[in-house]
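Presented below is the structure to which this report refers.
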Amino acid sequence: MDLKEIQRTLSDLPLSGIRYFKEIGSTNDEALNWLESGVQGNSLVIADSQLKGRGRLNRKWITNPYSSLAFSIIVIPSKEEINRLSLFAPLGALAVNYVLEEKYHVSPMIKWPNDILLGDKKMCGILAEACWNGEFLKGVVIGIGVNVTSASIPPENQVRFPVTCVEEHTKKRIDRLILLKNILRAFFDWRKKITKSEFLSYWQSRLAYKDEPVTVEQGEGNKVHGILKAVAPDGSLEIELEGGNRERFLIGDVRLRPLR
Ligand code: BTN
C-alpha cells in the first residue's frame with residue numbers, strides 16, 4: 001500500500017484525513033495523538049505492520065508485515081451518539097461481519113463484545129478508545145485488526161484463543177485495500193443506524209454461542225457460568241444463571257469463553 005493509492009481508493013468515503021505508515025508502534029496510539037492535537041473530522045490511520053499493537057485488556061496484538069489490516073478510525077460522535085458510546089466497538093464488529101458475509105460469502109459470528117470468528121477461530125479484534133478533555137469528549141478511536149493472509153497468524157503459544165485468517169475461508173486471494181474500503185463503507189453506513197433497533201437485531205442474530213453455556217470472567221478470577229442469552233440495548237451481555245435469573249455484564253474488563 002502507499003498513501004496515494006489509499007487516498008485514491010478511499011476518495012468517495014467521508015474521511016477528512018488519512019495517515020499511512022509502512023511500520024508503526026500502534027495505529028491507535030497515533031490516532032489518539034492526532035485527536036489530542038486536533039483533527040478535522042472522521043479520519044483514518046493505517047499501517048502495514050505494527051511493532052506495539054495493542055488489544056483489549058492490555059493484551060498484545062501482533063500485526064505481521066503486509067498480511068493483515070491494522071487501522072484506526074477516528075470519529076467525533078454527535079450528541080445522540082455520545083449516549084451510545086459503548087456501541088462504537090461493536091459498530092466496528094458489525095461492519096466487518098457484514099462485509100465478510102455480503103462481499104466475501106463466508107459466515108462469521110461476533111464473539112461478544114467485538115471479536116469476529118470464522119469457524120470458531122478469531123480473525124478480527126477491535127479496540128475502541130475515547131479521548132476526553134475533562135468532561136468534554138474529543139473523539140473516539142476504533143482500532144481494527146483483521147488477519148487476512150496465513151502470514152498474519154501468530155504462533156500458537158502467543159495467543160490465548162485459536163486464530164484464523166480471512167483467506168483460509170475464502171480460499172482466494174483478498175485485496176487488502178479493497179477489503180479496507182468495504183469495511184469503512186459498511187462502518188459509516190451502520191453508524192447511521194447505531195441508535196436504531198436494526199443495529200441491535202443484526203448484532204443479536206450474529207452472536208456467537210447464543211443459548212450455549214459460557215464462562216464470563218471479570219477482573220482477576222471472578223468467574224460466572226451460565227447460558228448466553230442476548231445483548232441488551234446498551235451493548236451489555238445477558239447471561240442466564242442456574243435457577244433462571246439473568247445477569248448483565250457491561251463491556252469492559254470482561255472475558256467471554258465458550259464452555260465447550
Ligand atoms: C483485541 O482483540 O483485543 C483487539 C485488537 C485490536 C487490534 C487493532 S490493530 C489496529 C489498532 N491498533 C492497535 O494497536 N490495536 C488495534
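Quick notes
- Global form of region 1-146, assessed from the alpha-carbon gyration tensor, a/c cut-off 1.5: rounded
- The spacing between region 222-260 and region 32-72, judged by their C-alpha centroids, is 29 Å.
- Applying 1/(1 + (r/R0)^6) with R0 = 41 Å to the Cβ-Cβ distance of K193 and R173 gives a FRET efficiency near 0.85.
- The chain, helix-only ellipticity at 222 nm - DSSP H runs n ≥ 4, -39,500 (n - 2.57), divided by all residues, nearest 500: -7500 deg cm²/dmol
- Beta bridges assigned by DSSP with both partners in region 6-72 are antiparallel in approximately 45 percent of cases.
- By the rule of a C-alpha distance below 13 Å, with chain neighbours fewer than 8 residues away ignored, the aspartates and glutamates paired with K196 are E80, E81, D234.
- Overall form of region 123-260 per C-alpha gyration tensor (a/c, 1.5; a/b vs b/c): oblate
- Among K111, K181, K196: highest mean-square fluctuation, GNM of the chain, C-alpha pairs under 10 Å: K196
- Relative contact order %, region 111-174, counting alpha carbon pairs below 8 Å whose residues are six or more apart: 29 percent
- With contacts taken as Cα pairs under 8 Å and at least 6 residues apart, region 1-143 reaches a relative contact order of 21 percent.
- Residues D115, D234, ranked from the fewest to the most other C-beta atoms within 10 Å, line up as D234, D115.
- Entries in K22/K121; K138/K192; K4/K121; K60/K122 that, when Cα-Cα distance is taken, lie over 25 Å: K22/K121; K4/K121
- Whichever aspartates and glutamates have a C-alpha closer than 19 Å to that of K172, once near sequence neighbours (fewer than 8 apart) are set aside: E101, E102
- In order along region 178-195, phi translates into HN-Hα couplings of 5, 4, 4, 4, 4, 5, 5, 4, 4, 4, 6, 5, 5, 4, 5, 9, 4, 9 Hz, rounded to whole numbers, per the Karplus curve 6.51 cos²θ - 1.76 cosθ + 1.60 with θ = phi - 60° and x for Gly and Pro.
- Here the Karplus relation 6.51 cos²θ - 1.76 cosθ + 1.60, evaluated at θ = phi - 60°, turns the backbone of region 42-47 into coupling constants of 3, 9, 9, 10, 9, 9 Hz, with x for every Gly and Pro.
- Whole-Hz couplings from phi, Karplus 6.51/-1.76/1.60, listed for region 124-135; x for Gly and Pro: 8, x, 9, 10, 9, 9, 9, 10, 10, 10, x, 7
- In straight-distance terms, cross-link reach from K103 covers every one of the aspartates and glutamates whose alpha-carbon lies under 18 Å from its own, apart from those fewer than eight places away in the same chain; here that gives E167, E168, D175, D189.
- Label zone of E247 (point 7 Å out along Cα→Cβ, amide N under 19 Å): in region 99-130 this covers 112-113.
- Amide H contacts of N42 (H built 1.01 Å from N, in plane; Pro and chain starts excluded): S16, I76 sit under 5 Å, all sequence-distant by 5 or more or on other chains.
Every number here is computed from the coordinates shown, using simple stated rules; none is lab data. What you are looking at is a predicted structure, and each value in this text was computed from that prediction instead of being measured. Because the Cβ atoms are built from the backbone with ideal geometry, glycine has one as well, and the counts that use them run over all protein chains shown.
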